[in-house]
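What follows is one structure encoded as structure tokens, with my remarks underneath.
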Amino acid sequence: MSKIQKTWEHFGEENPYFAVVTLDQFEKENLSEDVLAEFFESGSRYTETVWKEIETNLVSDFRPKRSLDFGCGVGRLSIPIARRSGELVAVDISKRMLEEAERNAVKANVNNISFVQSDDNISRVSGKFDFIHSFIVIQHIDPSIGETIFEKMIEKLEDGGIGALHLTYDHPGKRSSVLKYNLYMKLPFVFSLRNLLLQKKQEPLIPVHTYDLNKIFRILQRNGCHKCFVRFSDHGHWGIHLFFLKDHEIIF
């Protein structure tokens, strides 16, 4: 089991909702029916925004037949995307997260989702899709692996299909904060010592990586994703949400 898989299996078992949305209200000890309702409602609001962007800028009345949600976690976004799709494949590296997502789909009476455990090449994901999606996920994957996954997803997108993929490209914090965070990522025992001294939970650090946008845009161009636009994000790290239409016939 890889280091990153161990991290997400830990959170999948110990604190799955907080790992998806890192707000205190979603800590395991704070969960209630009302809190969970707000958790999933936030996913519905996000999905509504994504659809508005797609239908305003790329394809009107967008109704994908087959969708892919990469990094599905506990199903916060997979469930509302599935409601707008013929079928959906939900992918995550954590078996525990997938099990929780499947329970949530059953509870929500959504039965058109299949759940697949990921690997570095998403080799267990078969077939083509007309919608591929990932949000606040790729940032947690080292770019040496994440760039491959990014391109593999686009290769699985049908011509005429839509992508909505999010990643981070910069850390706007103070240089000292950035250096400290990078130290924690390289030397996990230092992060554990810090938690011990501050009397915090002994949990693994959730890594956040930045991506070279030149490499990302080269992947898009060579795969025929010529029509695209960007929305910026700020979750402590600066990011971009890429929306694009794959069409090899569009040439400038």
Item checked: Placed amide H near Y169: partners under 5 Å, 5+ positions off or other chain -> Y211, W238, G239, I240
Checklist line | Cα principal axis extents for the chain, largest first, Å | finding: 58, 42, 32
Next item on the list: Please give the helix 175-186 orientation as an angle from the longest Cα principal axis of the chain, in degrees from 0 to 90, rounded to the nearest 10.
Entry: 90 degrees
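Of all DSSP beta bridges in the chain, what percent run antiparallel (nearest 5)?
So the antiparallel bridges amount to about 45 percent of the total.
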Notebook entry, point to check: What percent of all Cα-Cα pairs in segment 43-161 falls in each 5 Å bin, counting up from 0?
Noted result: 2, 12, 22, 25, 22, 13, 4, 0
Item checked: Rounded to the nearest 20 debye, dipole of the chain from Cβ charges on Lys, Arg, Asp, Glu -> 580 debye
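Over the chain, what is the relative contact order in percent, taking alpha-carbon pairs closer than 8 angstrom and at least six residues apart? Numbers along the way, then the final one.
Working: 419 pairs, mean separation 40.0, N = 252.
Reported as a whole number, the value is 16 percent.
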Note to self: Using helices alone, I'd like the mean residue ellipticity at 222 nm for the chain: each DSSP H run of four-plus residues gives -39500 (n - 2.57), total over residue count, nearest 500.
What the structure shows: -13000 deg cm²/dmol
Notebook entry, point to check: What's the FRET efficiency of K3 with E41 using the Cβ-Cβ distance as r and R₀ = 45 Å, to the nearest 0.05?
Noted result: 0.85
Margin query: I'd like the orientation of helix 213-222 relative to the chain: the angle between its Cα long axis and the longest Cα principal axis, in ° from 0 to 90, rounded to 10.
Written below: 30 degrees
Check: Among L36, L23, L205, which one moves the most in a GNM of the chain with springs linking Cα atoms closer than 10 Å?
Finding: L23
Margin query: Quick check: Cα centre of segment 93-122 to Cα centre of segment 1-52, how many Å?
Written below: 13 Å
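FYI, it's all coordinate maths here, none of it is from the lab. Bear in mind that the values here come from a model prediction, so they are computed numbers and not experimental data. Cβ coordinates were reconstructed from backbone atoms using ideal geometry, including for glycine residues, and neighbour counts include every protein chain displayed.
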